[in-house]
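J.: A single structure is presented below for examination.
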Amino acid sequence: MLKLTIAGRPNTGKSTLFNALTGTRDALVHDRPGVTRDTVSGMVKGRPWEISDTAGLENAKSGIALDSTNMALDAIGASDAVLFVVDGRVGLTPADMEWARMVRRKTRAPVLLLVNKAESGRRLGDVHEFYKLGFGAPVMISAEHKSGFDAIFEFLDNIAPDATNNVAPTTTPQKLKIAIMGQPNVGKSTLVNRVLGTQRQIVMDAPGITRDTVKIPTRFYGRDIILMDTAGLRRKAGVHDDVETLSALKSLDAIDKADVVILVVDGTGDIENQALGIASRVYDAGKILCVALNKWDLVAPEVRDEKLLKLKHQFTNSFHQIIKPMILAISAQVGTGVQNMFKRVYEQWDLSNTDAPTSLINRIVEKLVDDRQPPMSRLKRPMKIKFARQTGRHPMKITINVGGASDIPESYTRYLRRGLASALHWEHLPIVIEYKKDDNPFDDKQDK
């Protein structure tokens, strides 16, 4: 796979360009400089290029800016081509000159110089100045208005002229998408780095380090997956920054795009209501949920069993939608329990892609009804369960044809759901039961 990297100093429009070229909104966009910290990757729409949006290059001595810049330089060094973006409204700056020299030292790959924010020629500075960067003729573009992109595509096609002709719909199986979610500073990025076996994500003992939802293809424990590292989610009352608000919205959006969500919580404390709220969203979206009790190495060995039982009891009592929550103790820092957790996740994902035989479902439902008859409706009519079958996955969906009563109490639905989950080994999976009323042509006459 050919690799393309977008580089440049902060606030030149790199993330806007990334979103425009991928046809997504995966990169967080804001007028504030330095919003991008981690490297966000995707695919150029219609081209066989993997493209990376990197953090703005800054001359920092320490901290997040230094880590972000080093990651950006690593991405540049591993690229087959680079898009170097400058701000046409601001004009050439000493920082542009400095980082252009660094890019030339870091890679021998072709570099295309893009002068962004060129939608209005009257607001541009002296374009000819940009020749000093040493990347040849500058290309005028507007990432926001998606103009000037023909030159970008021509640049890519000239590097790999046969690649575009070979682009065809693939029949390879979809990779399992696993979102890593949780409150700030619970160890989400540490877990991602543990799975990747490298310092791919910035990790610091401070909340709010991760801002973008970063999708990273990898292979772990025998399976190709896509990890989605998300920004930490805090209670609304604690959020006063619009960048954090945008990050949180992207994190919640990751639930819909994921197949499985690993909810990371700090195992040294109690499970907070915020974590339970995230779990509820995951269940409502029909996704598989795994709760990772992280930092388990910091819990004293003599109290681990008691604490694990207490946390499981707390979660089960507070979040009753899932029959048997998958709650596992791990240490992302040390690596303890991580492989076992992914093994369990894979098992549940494989199980969720199966169809239960209709005959088996009907036998289970018949036994459940025999053991506990449905209640009468408000009109004092009995509910008659006639036929049941599986009609969906993710969530597992059971449709039951019924006659008579149409107002089936939620308590009885929970009884059926629990019984089906136990018999089909779906205790860890979200299950939906839908009733379909069989119309009786004689009902109207009987009512009269």
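The values are calculated or read from the model by the stated rules, or taken from the named source; none is laboratory data. Keep in mind that what you see is a predicted model, and the values were worked out from it rather than measured. Reconstructed Cβ throughout: ideal geometry from the backbone, glycine too, with neighbour counts over all protein chains shown. Please note that ligands, DNA and RNA were not included when accessible areas were found on the heavy atoms of the full protein model with its side chains. Shrake-Rupley method; radii C 1.70, N 1.55, O 1.52, S 1.80 Å.
J.: Take peptides 133-144, 303-314, 278-289 and line them up by average Cβ neighbours within 10 Å, highest first, as a rough protection proxy.
T.: 278-289, 133-144, 303-314
J.: Something else: How compact is the stretch 343-431 by the rule of thumb for globular proteins, expressed as Cα Rg over 2.2 N^0.38 Å?
T.: 1.15
J.: Given a 1.4 Å probe, how much area per residue of the stretch 264-349 is accessible, in Å²?
T.: Solvent-accessible surface per residue comes out at 47 Å².
J.: Long-range amide H contacts for I51: which residues qualify at under 5 Å (H placed 1.01 Å from N, peptide plane, sequence gap of 5 or more or a different chain)?
T.: L4, G42, M43, V44
J.: Continuing with the same structure: Would you grab the residues whose amide H sits under 5 Å from the one on K436? Only those 5+ places off in sequence or on another chain, please, with H modelled 1.01 Å from N.
T.: I400, N401, V402
J.: For the stretch 289-352, what number results from the quotient of the Cα radius of gyration and 2.2 N^0.38 Å?
T.: With N residues counted in the stretch 289-352, Rg over 2.2 N^0.38 Å equals 1.17.
J.: Right, here's the next one. If only Cα atoms are counted, what is the Rg of the stretch 288-415, and what is its Dmax, in Å?
T.: Cα only, the stretch 288-415: 19.9, 61 Å (Rg, Dmax).
J.: Quick one: plug the Kirkwood hydrodynamic radius of the stretch 247-354 (C-alpha pairs) into Stokes-Einstein at 4 °C, 1.567 mPa s, and report D in µm²/s.
T.: 90
J.: Would you kindly calculate the mean projected area, averaged across all directions, of the convex hull enclosing the Cα atoms of the stretch 39-110, in square nanometres?
T.: The directionally averaged projection comes out at 5.6 nm².
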